[in-house]
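Shown next, in structure tokens, is the structure this report addresses.
The values are calculated or read from the model by the stated rules, or taken from the named source; none is laboratory data. Quick caveat: nothing in here was measured; it's all calculated off a predicted structure. When we count neighbours, we look across all protein chains shown, and the Cβ atoms used for this are built from the backbone with ideal geometry, even at glycine.
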Amino acid sequence: MGSSGQHNGGGTLAPFLAIAQADLRSLFRSRITYGWLLAAVFIQVIRTLGSSTGTTPTVVSSGLSDLVYIWSLVIIGLTASSVSSEAGELADSIMSKSVTRLDYILAKFVSRIVHTLICFGVVTVVLVGLALRLDVVDYNASGLASATLIVALALVMLTALGVGFSVALPSTVTAIIALLVLWYAMTFIFPVIGLDILSPGNMVGRLPAIIKGEWTLLDWETVVSFVAVSGASTALSSVYFYLKDI
């Protein structure tokens, strides 16, 4: 692990940035990304055009819930395979170049989170832009922004967990299955056992009220929980990756 702990270039960010940019380029060259965006945008267009009697809160919350319940499957597949799929070439890459383990793993976290947020942003801009053209616009501007932000934080949490599982578990299939089980347990089972603040499903149920401007202590607790889980996953996975044999 000795040579992997030092930069040849003396602490430059260049290796980290190069890995993050290369990973992002790879993600945006993938057919999965464009298939996801095209399908998600198409569904949002159909939803809003077919909701002439709907209100902005109901249409936007329905569109955002798709990202949690359905499109999260794409995020799980892309993130839970981010490190484990490269296991065969990882050791040679880190040991033979001026790349530290922390460069590599933090670049993975950053690139996957940026990718998730860009895709989320594209879909959400289309969804909100069309929903604001409905006849019934019963929404609060800050509430709409808050609802968008809290869903973004939920997807960032999922992304951080996905990269973390990819680090901790030996195979891509195992990481994907484990993350699927955890995500849907958090979504549907956590509210039943009293862990509402950690439940994306509970958050989705709150979206119409949030869009109308209602923000409660539970919503603040949910935000803090999502941020805390994201940070803990990133920190613990980075430490584990730094210490593990590769």
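With the requirement that a residue be outside any helix (DSSP H, G or I) and either at pLDDT below 90 or in contact with a Phe, Trp or Tyr (Cβ under 6 Å, 6 or more places away or on another chain) (or both), what does region 172-191 give you? Before the answer, list the steps.
The initial filter retains those residues of region 172-191 that are outside any helix (DSSP H, G or I), namely 190-191.
Within region 172-191, just Pro191 meets the criteria.
Scan region 209-243 for residues that are among the charged types (D, E, K, R) and either in contact with a Ser or Thr (Cβ under 8 Å, 6 or more places away or on another chain) or loosely packed, with under 13 Cβ neighbours inside 10 Å (or both) and report the count.
Total satisfying the criteria: 1.
Results for (1) in a loop (DSSP other than H, G, I, E, B); (2) acidic (Asp, Glu); (3) at pLDDT 95 or above; (4) closer than 21 Å to Pro57 by Cα, shown as yes or no for each residue.
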site	(1), (2), (3), (4)
Leu127	no, no, no, yes
Arg133	yes, no, no, yes
Thr148	no, no, yes, yes
Met157	no, no, yes, no
Pro170	yes, no, no, no
Pro208	no, no, no, yes
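Return the residue satisfying two criteria in turn: it lies in region 165-177 and is surrounded by fewer than 18 Cβ atoms within 10 Å (Cβ to Cβ) and not hydroxyl-bearing (Ser, Thr, Tyr), and of such residues it is farthest from Ser65 (Cα to Cα).
Pro170
Can you tell me which residue within region 76-107, out of those that are under 15 Å from Tyr240 (Cβ atoms) and of a type in the set (Gly, Ala, Ser), is modelled with the highest pLDDT?
Only one residue fits best here, namely Ser82.
Tell me yes or no: at least one residue of region 39-47 is assigned to a helix (DSSP H, G or I), within 16 Å of the chain's Cα centre (by Cα) and either surrounded by 20 or more Cβ atoms within 10 Å (Cβ to Cβ) or without any contact (Cβ under 8 Å) to a residue 12 or more places away in the chain (or both).
yes
Looking for whichever is surrounded by fewer than 22 Cβ atoms within 10 Å (Cβ to Cβ), of a type outside the set (A, V, I, L, M, F, W, C), under 23 Å from Thr79 (Cβ atoms) and touching a residue at least 40 places away in the same chain (Cβ under 8 Å) here; the options are Thr148, Thr116, Thr159. Which one fits? Talk me through it step by step, then tell me what you get.
Working: Thr116 fails: surrounded by fewer than 22 Cβ atoms within 10 Å (Cβ to Cβ); Thr159 fails: surrounded by fewer than 22 Cβ atoms within 10 Å (Cβ to Cβ).
Selected residue: Thr148, the only one of Thr148, Thr116, Thr159 that is surrounded by fewer than 22 Cβ atoms within 10 Å (Cβ to Cβ), of a type outside the set (A, V, I, L, M, F, W, C), under 23 Å from Thr79 (Cβ atoms) and touching a residue at least 40 places away in the same chain (Cβ under 8 Å).
Do any residues in region 18-34 that are part of a helix (DSSP H, G or I) have Cβ atoms under 6 Å from those of residues that are small (Gly, Ala, Ser), where the two are at least six apart or on different chains, and which pairs are they?
Ile19/Ala107; Ala20/Ala107; Ala20/Ser111; Asp23/Ser111; Leu24/Ser111
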